[in-house]
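Read the structure below first, then the notes.
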Amino acid sequence: MKNLILLLVLLVLAQVTKAEVEFYYFESETFKQELQQEIEGLQDFLKDQIAFPQDVLITYRPTVGTSYDIKKGVLNIATTELEAITHEFAHQIFDTNLFKQSPVWFYYKARESVRFSDLSDSIRNLKKSISHLDSARRSFISQGDHALVPAIDTRKAQYEKELNFLEEAYQYDRELKDVIEKTNTFRRLVPYQEFFADTLSIIYYNDWNIMHETVFNVTGNPLVAQSRKYESSPSVIASYLDPYTHFAKSRSWLRNHFQSPRDIDVPCLTSAVISAYERDLRSLDYAYSYDEINLNFQEFYTSCVK
């Protein structure tokens, strides 16, 4: 009987941890169900090996193209090809793990949340706002007016959450301020995002060529198609594909080292990509070479699996 109760509790907990998926602007219920099943299938496949997004927002926007908006945390869909959608959703998975594992990215997101103003000033202003809310709350209660108290409590909780975030990030201020201000933190992330999304898709579908058929299909790349529409030069078209070429050597390295994509260790893959990104930024080198970032990834991956 005790074992049965324990099993039921574990089943309930497993259901609670499933990602919450919200859909916007979808007309096809069948397509929504397919996407829901794909996300749940990916979560079941990963089985808590790495952090998984708990809140997934998906919009159907055929005019925008299929992409993950890292700044808004929204997955935009313009295709019914599940492989391409899974690749983009892998960006959100990486974003979730990057936030948890990378001090540089954590600090960057904190600075971004206050529009890159000084963290100490932002912390001071938040404390003042919380103090003013406390004073207003006491004043309303002393007058017997409780109508606005719940709204004040909600706002205070929001400010306290923001304050905790900024104070935690502030510990990196002296160490990482120059890194954020002297490198394009966001733009340099793109190749790492793409490499992770490619490799996770390869592992999930157990197919070395899956990304060749989706992301690397030049005619199907919306950015390339758009650049051709406006008769962009070959150099402009190449710039769109550039992030996909950074880790070409590491793709070959993985394929040469593992008989099956499923032999690749997902936690080590995640950690190695994030660590390589951290080393890249901390170098403060604007001309970081492809060879270096590939060697960094391979070094971190090899040391992880030992």
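The values are calculated or read from the model by the stated rules, or taken from the named source; none is laboratory data. Given the structure is predicted, the values throughout are model-derived calculations rather than measurements. Note that we place each Cβ from the backbone using ideal geometry, even for glycine, and neighbour counts take in every protein chain shown. Areas reflect the complete protein model, heavy atoms only, side chains present, ligands, DNA and RNA absent. Shrake-Rupley method; radii C 1.70, N 1.55, O 1.52, S 1.80 Å.
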Do we have K127 as in a helix (DSSP H, G or I), within 17 Å of Q43 (Cβ to Cβ), modelled with pLDDT of 95 or more and among the basic types (K, R) here? no
Can you list residue pairs whose Cβ atoms sit under 7 Å apart, with the first residue in segment 258-274 being closer than 18 Å to F300 by Cβ and part of a helix (DSSP H, G or I) and the second being open to solvent by less than 40 Å² (accessible area, probe 1.4 Å) and of a type in the set (A, V, I, L, M)? Count only pairs 6 or more apart in sequence or on different chains. V266/L46; V266/I50; V266/I203; P267/I50; T270/I50; I274/L98
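Suppose we filter I50, I39 for residues that are in a helix (DSSP H, G or I), closer than 22 Å to I203 by Cα and modelled with pLDDT of 95 or more; which single one remains?
Unique residue meeting the criteria: I39.
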Go through (1) surrounded by 18 or more Cβ atoms within 10 Å (Cβ to Cβ); (2) over 30 Å from Y277 (Cβ atoms) one by one and return the number of the condition D95 breaks. (2)
Which one of these does S239 not meet: (1) open to solvent by 50 Å² or more (accessible area, probe 1.4 Å); (2) modelled with pLDDT of 85 or more? (2)
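This table checks each residue for (1) within 26 Å of D207 (Cα to Cα); (2) of a type in the set (F, W, Y); (3) open to solvent by less than 30 Å² (accessible area, probe 1.4 Å); (4) modelled with pLDDT of 95 or more.
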residue	(1), (2), (3), (4)
E231	no, no, no, no
C268	yes, no, yes, yes
I274	yes, no, yes, yes
R282	no, no, no, no
Y286	no, yes, no, no
Those residues that are aliphatic (A, V, I, L, M) and not in a helix (DSSP H, G or I), I need them from segment 90-124; list them, please. V114
Candidate set from segment 145-202 (those that are crowded, with 19+ Cβ neighbours inside 10 Å and of a type in the set (D, E)); member that is farthest from the chain's Cα centre (by Cα): D198
Just checking, does segment 16-36 include any residue being in contact with a strand residue (DSSP E or B) (Cβ under 9 Å, 6 or more places away or on another chain), at pLDDT 90 or above and among the small types (G, A, S)? yes
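Name the single residue that is least open to solvent (accessible area, probe 1.4 Å) among those in segment 54-66 being in contact (Cβ under 8 Å) with a residue 24 or more places away in the chain and out of contact with any Phe, Trp or Tyr (no Cβ under 8 Å at 6 or more places or on another chain).
Ranking the qualifying residues of segment 54-66, first place goes to G65.
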When T79 is evaluated against the numbered criteria (1) surrounded by 13 or more Cβ atoms within 10 Å (Cβ to Cβ); (2) in contact (Cβ under 8 Å) with a residue 12 or more places away in the chain; (3) in a helix (DSSP H, G or I), which criterion, by number, is the only one it fails? (3)
Filter segment 17-74 down to the residues that are in contact with a Lys or Arg (Cβ under 8 Å, 6 or more places away or on another chain) and acidic (D, E) and list them by number. E40
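Do the conditions hold for A110, that is, is it open to solvent by 50 Å² or more (accessible area, probe 1.4 Å) and among the small types (G, A, S)? Before the answer, list the steps.
Details: open to solvent by 50 Å² or more (accessible area, probe 1.4 Å): no; among the small types (G, A, S): yes.
For A110, the condition - open to solvent by 50 Å² or more (accessible area, probe 1.4 Å) and among the small types (G, A, S) - is not met.
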Give segment 288-306 a look and list any residue that's open to solvent by 40 Å² or more (accessible area, probe 1.4 Å), assigned to a helix (DSSP H, G or I) and not hydroxyl-bearing (S, T, Y), or say none. D291, E292, L295, E299, F300, C304, V305
